[in-house]
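Let me begin by presenting the structure, written as structure tokens, before commenting on it.
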Amino acid sequence: MSAFLKLLFRNRLAAMGAVVLGAILLLVLVTPLLPLPDPNVTDTSQRFLRPFEAAGHLLGTDHLGRDLLARLLYGTRLSLAVGFAAAVIAAFFGSAIGIVAGYFGRRTDNIIMRGVDMLMAFPYILLALAIVAALGPGLLNALIAVAAVNIPFFARNIRGITVGLAAREFVDAAKLSGKGHLRIILTEVLPNVLPVIVIAMSTTVGWMILETAGLSFLGLGSQPPVADLGSMLGEARAALITAPHTSVVPGLMIFLIVMSINLLGDGVRDALDPRLKSGALSRPRSMTRVDRKGPVREAAQKGLLDLQALETQFHVGARVYRAVGGVDLHVKKGECLGIIGESGSGKSVTALSVMGLVASPPGVITAGAVRYDGHDLLSSGYREMRQRRGENVAYIFQDPLATLHPLYKVEDQLAEAIQSHHRVSDGEARERSLELLRAVRIPNPESRLKNYPHEMSGGMRQRVGIAMALANDPDVIIADEPTTALDVTVQAQILALLDDLRRERGLAIVFITHDFGVVAQLCDRVAVMYAGRIVEEGPTKAVLDAPAHPYTKRLIACVPELGGGQRELAAIPGLPPSVDDLPPGCAFAPRCHKARDACAQGEIPLDGTPPRAVRCLYPEEAV
Amino acid sequence: MTVALKVEDLSKTFALKKPLFGAAPPGVRAVRPMSVEVQRGETLGIVGESGCGKSTLARMLVGLLEPSTGRIEIAGKALDNADPAAFGRLIQYVFQDPISSLNPRKTIRQIMEAPLRLLYGMNREARDKRIAEIFDSVNLRHEFLHRYPHEFSGGQAQRIGIARALAAAPEIIVLDEPVSALDVSVQAQVLNLLGRLREEFDLTYLFISHDLAVVEAVSDRVVVLYFGSVVEVGNAKTIFNSPRHPYTRLLAESAPVVGRPLTAPEQKGTELPDPLNPPPGCAFAGRCPKATDICRREDPALRRMGEDQFAACHHPIEA
């Protein structure tokens, strides 16, 4: 709650709205205690007094000589009460309808929502007028009309959220716990839609106050002599020119109320919306921010692509997450380097840092260099980086459905990838696209070009993803778990394809995975990552046959292998450390059975005779 | 041995929307009529690739989805009402995504209490005692009860999911890809825990996974599904070493194994048949190297092929 308020008041406009609305609310709450004249007593001899003209009538009087200040405060009281009541009623019924429709779905949903659609087909003011006409004028009836008109808005909003929630697994789990429909709606669904209801209410209260004022203005809401803001305006209309203050005063109040409520409502929405809270909607920079302290040490180029002491951090509030804590890697032409690690070990962030693709904020590259053919990529500007993305180093991602644009045909997406780097005609681009699809062995490439991504299977989509990576003949391909989302039979096909491409084109591949079987089959060398650092490195066969780091050894033992039969599996107790709170010394020490005091002190170097290296004081094998 | 779960001719067809003109299309047959028996105390592994109907089958077994045909018997009693609460005491479900199976706005205690209160009507004292027992069994600390789901790692959340299933004291637990969202080091912890709980509470498991090695490590028997039908059933020790159905062999050969050179057992970009327009005969015929005319004409029935192995194939692989 306090976090919510903090977030809310960081928004200056929302804070201003809250202050204005708070002041107005306070004022109308204490109105009965103030020494004000009766708002409904007429005194025609005192009509149309100007503000500050006569003592006792601070804001002057209206056409019947009634005190404007008193009428304004009592009128505001009434308008606010009606507006809030209408919002609560509309939210209650609208949300109830929306939850029922969304939860039960199918026919219930269809019937209810078509009814709501019909209600929405009428212009709202016409509908409100019709309701008031049927029920007769009066403030209560105006309230009912305004509430009824706003029910569809809530119903549609809440239904959309509920449909998503009803399909979630925790609802199934609740059913299996013996909960009935009513109980599930009240205890499982409702707590999750409540924030949405609050957001919808906060953004519509102002609107409903306006609508009520509109009906009163037309004489259909509050009846004389009782004042609300709308009827005050309506009565003052005749004297708009001769006594403008009688309409300016209530008009100004309506303006203040609606503006403050809307500003506050937007603030509440932003503060409650989890997506806005996480900053996901703030636009990341086109390149990861590089903020290196001091110059980078010169180093000889070992391969085509070298990472040198690369450090990437995430700065979230006061916390610093050291996702990548000094990684040295290199990959040669035609070589396949595997990076293996568990989730959170920093393997993906390492890969994304190469071409400056880590979202900034919150990502910052704080040290190290990425050298491509002798050139430090991190010191290049956006233009140059953009030129090199796809042309020198290309990526293949895990989920091809998320990386391909759903609204464009495969052909257009491939052509765009080609044409953003090379000036070629549309016809030529199409020819090249066709060649690419052939290169990744897609059957019937001509007809596949015309497909949208959703018309293809997962394996075919990943082939298109690979074709896109190949579009500009890159020298290095970084593949981030490209087969994790695929079935095993399809995975085998994709791995074989990558292996062929590497041999045919001399590609350097950096292959990120968590699967030792995949690494063993595809990669020449492997680097094992733990908590943002490389703990072991070497030729794949040597590392898998005789792992030197205790982590590697025990991780391999965890993986069940086909052909082993039913058995107890080796497990590593505990969890990997959080990278915002790394232990001193070896990050694996708290889970390691061989750890001694020295392991928790000081920096442990990555040591060994090339090509092998291990970051351990007491390795399983001497390397 | 007694039969814990018996399924006869269970099938599910999802109806398609009727077009404005013309007759309704026949519908998508997610699960074709299948019969399976599981012995008490046994772990039956169910493997298959995406779209083979394994999750649809699981959801029918726990009563979350109404079968189109067939019957389910648990411990000799037929379950023909689709009331999840009645199912709840006999069969429970552990979900693939541990975090999303826990309501983000409830504390772990509230989540754990629901089955105890609603299925067994326990009072507060009895509930606290039972929750403490279960938490001890699954190695969870008692102070976790006051926390919310987002505060847990995947492995811990999955243990909470298992604890919730245990709270209902069921005979059978359906585990739907329970470790595929977890890291390997944590995966082994959860698999070993499941093995221990099976002994401790005398449970029967249906273990669904796409990972053959995991299924082999935990199962007694394995069912292989393809395109909604059972293509092979056999002992977990032997089914992947000496498969009879070509699809089982394809699966076993596709799994990446350390020390085996990289080969794609299928070079063609083959795909699953179109569920809206299923081919006649064997669904695997289009991908099968041994397919002949009869395969494209007649759907093969499940036949005994050895001591405890069954396969649905016209041209089974010789042992």
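Please go through region B:174-194 and give me each residue that is under 16 Å from the mean Cα position of the chain (by Cα) and either over 25 Å from B:Arg109 (Cα atoms) or more than 11 Å from chain A (Cβ to nearest Cβ) (or both), ordered by number. Even if it seems obvious, please write down each step before you answer.
If we filter region B:174-194 for residues that are under 16 Å from the mean Cα position of the chain (by Cα), which is where we start, we get B:174-181, B:191, B:194.
B:Leu175, B:Glu177, B:Pro178, B:Ser180 - these are the residues of region B:174-194 that are under 16 Å from the mean Cα position of the chain (by Cα) and either over 25 Å from B:Arg109 (Cα atoms) or more than 11 Å from chain A (Cβ to nearest Cβ) (or both).
Restricting attention to region A:157-170, does a residue exist that is in contact (Cβ under 8 Å) with a residue 12 or more places away in the chain, closer than 27 Å to A:Gly230 by Cβ, more than 14 Å from chain B (Cβ to nearest Cβ) and not in a loop (DSSP other than H, G, I, E, B)?
Scanning region A:157-170, I find at least one residue that is in contact (Cβ under 8 Å) with a residue 12 or more places away in the chain, closer than 27 Å to A:Gly230 by Cβ, more than 14 Å from chain B (Cβ to nearest Cβ) and not in a loop (DSSP other than H, G, I, E, B), so the answer is yes.
Filter region A:428-457 down to residues that are of a type in the set (Lys, Arg) and within 14 Å of chain B (Cβ to nearest Cβ) and give me whichever is farthest from A:Tyr395 (Cα to Cα).
Quick first cut of region A:428-457, residues of a type in the set (Lys, Arg) only: A:430, A:432, A:438, A:441, A:448, A:450.
Next cut, within 14 Å of chain B (Cβ to nearest Cβ) only: A:438, A:441, A:448.
On the way: A:Arg438: 19, A:Arg441: 19, A:Arg448: 22 Å.
Checked region A:428-457; the qualifying residue farthest from A:Tyr395 (Cα to Cα) is A:Arg448.
Filter region B:54-64 down to the residues that are more than 15 Å from B:Ala78 (Cα to Cα) and at the interface with another protein chain (Cβ under 10 Å from one of its Cβ atoms), then identify the one that is modelled with the highest pLDDT. Give the steps one after another, and end with the answer.
Narrowing region B:54-64 to residues more than 15 Å from B:Ala78 (Cα to Cα): B:54-59, B:64.
This time we only want the ones that are at the interface with another protein chain (Cβ under 10 Å from one of its Cβ atoms), so: B:59, B:64.
Working: B:Arg59: 88, B:Leu64: 85.
Within region B:54-64, the match that is modelled with the highest pLDDT is B:Arg59.
Is region A:182-197 home to any residue that is in contact with a Ser or Thr (Cβ under 7 Å, 6 or more places away or on another chain), within 14 Å of another protein chain (Cβ to nearest Cβ) and buried (at least 21 other Cβ atoms within 10 Å of the Cβ)? Even if it seems obvious, please write down each step before you answer.
Keep residues of region A:182-197 that are in contact with a Ser or Thr (Cβ under 7 Å, 6 or more places away or on another chain), which gives A:189, A:193, A:197.
Still in the running and within 14 Å of another protein chain (Cβ to nearest Cβ): A:189, A:193, A:197.
Among the residues that remain, those that are also buried (at least 21 other Cβ atoms within 10 Å of the Cβ) are: A:189, A:193.
Yes; the residues of region A:182-197 include at least one that is in contact with a Ser or Thr (Cβ under 7 Å, 6 or more places away or on another chain), within 14 Å of another protein chain (Cβ to nearest Cβ) and buried (at least 21 other Cβ atoms within 10 Å of the Cβ).
Within region B:4-53, restricting attention to residues that are within 14 Å of chain A (Cβ to nearest Cβ) and part of a strand (DSSP E or B), which residue is surrounded by the fewest Cβ atoms within 10 Å (Cβ to Cβ)?
It comes out as B:Phe14.
Say we look at region A:554-597 and pick out the residues that are within 7 Å of chain B (Cβ to nearest Cβ) and of a type in the set (Gly, Ala, Ser); which of these is nearest to B:Ser242 (Cα to Cα)? Even if it seems obvious, please write down each step before you answer.
Step one: filter region A:554-597 for residues within 7 Å of chain B (Cβ to nearest Cβ), giving A:555, A:558-572, A:575.
Now restrict to residues that are of a type in the set (Gly, Ala, Ser): A:563-565, A:570-571.
Numbers: A:Gly563: 11, A:Gly564: 14, A:Gly565: 13, A:Ala570: 26, A:Ala571: 29 Å.
Filtering first and then ranking leaves A:Gly563.
Within region A:371-387, which residues are among the basic types (Lys, Arg) and in a helix (DSSP H, G or I)?
Residues satisfying the conditions are A:Arg383, A:Arg386.
Can you say whether A:Gly506 is away from chain B (no Cβ under 12 Å), surrounded by fewer than 19 Cβ atoms within 10 Å (Cβ to Cβ) and within 30 Å of A:Val614 (Cα to Cα), as far as the supplied structure shows? Step through it out loud before you land on a result.
Working: away from chain B (no Cβ under 12 Å): yes; surrounded by fewer than 19 Cβ atoms within 10 Å (Cβ to Cβ): yes; within 30 Å of A:Val614 (Cα to Cα): yes.
Yes, satisfied.
Going by what's in this entry, would B:Glu253 be described as on the phi < 0 side of the Ramachandran plot and over 15 Å from the mean Cα position of the chain (by Cα)?
Details: on the phi < 0 side of the Ramachandran plot: yes; over 15 Å from the mean Cα position of the chain (by Cα): yes.
Answer is yes for this residue.
Residues A:Ala527, A:Ala531, A:Ala557, A:Ala542: which one is aliphatic (A, V, I, L, M) and at pLDDT below 90? It would help to see each step written out before you state the result.
Values: A:Ala527 fails: at pLDDT below 90; A:Ala531 fails: at pLDDT below 90; A:Ala542 fails: at pLDDT below 90.
Only one candidate qualifies: A:Ala557.
Only one of (1) at pLDDT below 90; (2) among the hydroxyl-bearing types (Ser, Thr, Tyr); (3) under 30 Å from B:Leu182 (Cβ atoms) is not met by B:Thr2, so which one is it?
Evaluating B:Thr2 over (1) at pLDDT below 90; (2) among the hydroxyl-bearing types (Ser, Thr, Tyr); (3) under 30 Å from B:Leu182 (Cβ atoms) leaves (3) as the failure.
Conditions first: (1) of a type outside the set (Val, Ile, Thr); (2) buried (at least 20 other Cβ atoms within 10 Å of the Cβ); (3) out of contact with any Lys or Arg (no Cβ under 9 Å at 6 or more places or on another chain). A:Ala227 passes all but one, so which condition is the exception?
Condition not satisfied by A:Ala227: (3).
Determine whether region A:58-65 contains at least one residue that is touching a Gly at 6+ places or on another chain (Cβ under 7 Å) and either modelled with pLDDT of 90 or more or polar (S, T, N, Q) (or both).
There is no residue in region A:58-65 that is touching a Gly at 6+ places or on another chain (Cβ under 7 Å) and either modelled with pLDDT of 90 or more or polar (S, T, N, Q) (or both).
With (1) closer than 19 Å to A:Leu470 by Cβ; (2) in a strand (DSSP E or B); (3) small (Gly, Ala, Ser) as the list, and A:Ala367 as the residue in question, which single condition is left unmet?
Of the numbered conditions (1) closer than 19 Å to A:Leu470 by Cβ; (2) in a strand (DSSP E or B); (3) small (Gly, Ala, Ser), the odd one out for A:Ala367 is (1).
Can you tell me which of (1) surrounded by fewer than 19 Cβ atoms within 10 Å (Cβ to Cβ); (2) hydrophobic (A, V, I, L, M, F, W, C); (3) facing chain A (nearest Cβ under 8 Å); (4) in a loop (DSSP other than H, G, I, E, B) is the one B:Ala169 doesn't meet?
Only one criterion is unmet by B:Ala169, namely (3).
Could you list all residues from region A:529-569 that are of a type in the set (Val, Ile, Thr) and in a loop (DSSP other than H, G, I, E, B)?
The first filter runs over region A:529-569 and keeps only residues of a type in the set (Val, Ile, Thr), leaving A:534-535, A:540, A:543, A:552, A:556, A:559.
Within region A:529-569, just A:Val559 meets the criteria.
I'd like to know if region A:599-612 contains one or more residues that are among the aliphatic types (A, V, I, L, M), part of a loop (DSSP other than H, G, I, E, B) and within 14 Å of another protein chain (Cβ to nearest Cβ). Lay out the reasoning, then the answer.
First, pick out the residues of region A:599-612 that are among the aliphatic types (A, V, I, L, M): A:600, A:604, A:606.
Keeping just the survivors that are part of a loop (DSSP other than H, G, I, E, B) gives A:604, A:606.
Filter once more, keeping what is within 14 Å of another protein chain (Cβ to nearest Cβ): none.
Within region A:599-612, not a single residue is among the aliphatic types (A, V, I, L, M), part of a loop (DSSP other than H, G, I, E, B) and within 14 Å of another protein chain (Cβ to nearest Cβ).
Taking the options B:Ala236, B:Ala264, B:Ala255, name whichever one is at pLDDT 80 or above, closer than 29 Å to A:Ala439 by Cβ and within 13 Å of chain A (Cβ to nearest Cβ). If you could, list the steps in order and put the result at the bottom.
On the way: B:Ala236 fails: closer than 29 Å to A:Ala439 by Cβ; B:Ala264 fails: at pLDDT 80 or above.
Selected residue: B:Ala255, the only one of B:Ala236, B:Ala264, B:Ala255 that is at pLDDT 80 or above, closer than 29 Å to A:Ala439 by Cβ and within 13 Å of chain A (Cβ to nearest Cβ).
Could you check, for region A:526-545, whether at least one of its residues is closer than 30 Å to B:Tyr226 by Cβ and either surrounded by 22 or more Cβ atoms within 10 Å (Cβ to Cβ) or out of contact with any Leu (no Cβ under 6 Å at 6 or more places or on another chain) (or both)?
Here is the first cut: in region A:526-545, the ones closer than 30 Å to B:Tyr226 by Cβ are none.
Looking for residues that are closer than 30 Å to B:Tyr226 by Cβ and either surrounded by 22 or more Cβ atoms within 10 Å (Cβ to Cβ) or out of contact with any Leu (no Cβ under 6 Å at 6 or more places or on another chain) (or both), one finds none in region A:526-545, hence no.
Could you please find all residues in region A:473-498 being in a loop (DSSP other than H, G, I, E, B) and at negative phi?
The initial filter retains those residues of region A:473-498 that are in a loop (DSSP other than H, G, I, E, B), namely A:473-475, A:481-487.
Result: A:Pro474, A:Asp475, A:Pro482, A:Thr483, A:Thr484, A:Ala485, A:Leu486, A:Asp487.
Residue-by-condition table, conditions (1) within 20 Å of the chain's Cα centre (by Cα); (2) among the charged types (D, E, K, R):
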{"position": "A:Asp328", "(1), (2)": "no, yes"}
{"position": "A:Val331", "(1), (2)": "no, no"}
{"position": "A:Ser360", "(1), (2)": "yes, no"}
{"position": "A:Ala369", "(1), (2)": "no, no"}
{"position": "A:Leu377", "(1), (2)": "no, no"}
{"position": "A:Asn392", "(1), (2)": "no, no"}
{"position": "A:Leu407", "(1), (2)": "no, no"}
{"position": "A:Asp412", "(1), (2)": "no, yes"}
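Look through A:Ser222, A:Ser202 and report the one residue that is over 30 Å from A:Val535 (Cα atoms), surrounded by fewer than 21 Cβ atoms within 10 Å (Cβ to Cβ) and hydroxyl-bearing (Ser, Thr, Tyr).
A:Ser202
So, in region A:108-130, how many residues would count as being in a helix (DSSP H, G or I) and over 19 Å from A:Leu143 (Cβ atoms)?
Going residue by residue through region A:108-130, those that are in a helix (DSSP H, G or I) are A:108-121, A:124-130.
Filter once more, so that each one left must be over 19 Å from A:Leu143 (Cβ atoms): A:108-118, A:120-121.
Going through region A:108-130 one residue at a time, the tally reaches 13.
May I ask you to list the residues in region B:219-233 that are within 11 Å of another protein chain (Cβ to nearest Cβ) and crowded, with 24+ Cβ neighbours inside 10 Å? Steps first, please.
To start, the set of residues in region B:219-233 that are within 11 Å of another protein chain (Cβ to nearest Cβ) comprises B:219-222, B:226.
Scanning region B:219-233 gives B:Ser219, B:Val222, B:Tyr226.
Go through region A:458-496 and give me each residue that's surrounded by fewer than 22 Cβ atoms within 10 Å (Cβ to Cβ), facing chain B (nearest Cβ under 9 Å) and over 23 Å from B:Glu177 (Cα atoms).
If the condition is that a residue be surrounded by fewer than 22 Cβ atoms within 10 Å (Cβ to Cβ), facing chain B (nearest Cβ under 9 Å) and over 23 Å from B:Glu177 (Cα atoms), then A:Ala496 is the only one that fits.
Please work out which one of (1) more than 7 Å from chain A (Cβ to nearest Cβ); (2) crowded, with 23+ Cβ neighbours inside 10 Å; (3) within 30 Å of B:Glu133 (Cα to Cα) is the condition B:Val214 fails and give its number.
(1)
Going residue by residue through region A:404-415, is there one that turns out to be closer than 22 Å to A:Ser286 by Cβ, free of Cβ contacts under 8 Å to residues at least 60 places away in the same chain and in contact with a Leu (Cβ under 8 Å, 6 or more places away or on another chain)?
Step one: list which residues in region A:404-415 are closer than 22 Å to A:Ser286 by Cβ, which gives A:404-405, A:408, A:413.
Filter once more, keeping what is free of Cβ contacts under 8 Å to residues at least 60 places away in the same chain: A:405, A:408, A:413.
Now restrict to residues that are in contact with a Leu (Cβ under 8 Å, 6 or more places away or on another chain): A:413.
Yes - at least one qualifying residue is present in region A:404-415.
So A:Leu501 passes all but one of these: (1) more than 30 Å from A:Pro583 (Cβ to Cβ); (2) part of a loop (DSSP other than H, G, I, E, B); (3) more than 10 Å from chain B (Cβ to nearest Cβ). Which condition number does it fail?
(2)
Quick test for you: out of A:Val268, A:Val258, pick the one residue that is more than 30 Å from A:Val559 (Cβ to Cβ) and at pLDDT 85 or above. Quick ask: steps written out before the conclusion?
On the way: A:Val268 fails: at pLDDT 85 or above.
None of the other options fit; the residue is A:Val258.
The values are calculated or read from the model by the stated rules, or taken from the named source; none is laboratory data. All figures in this text were calculated on a predicted structure; none of them were measured in a lab. Positions of Cβ are backbone-derived with ideal geometry, glycine not excepted, and every protein chain shown enters the neighbour counts.
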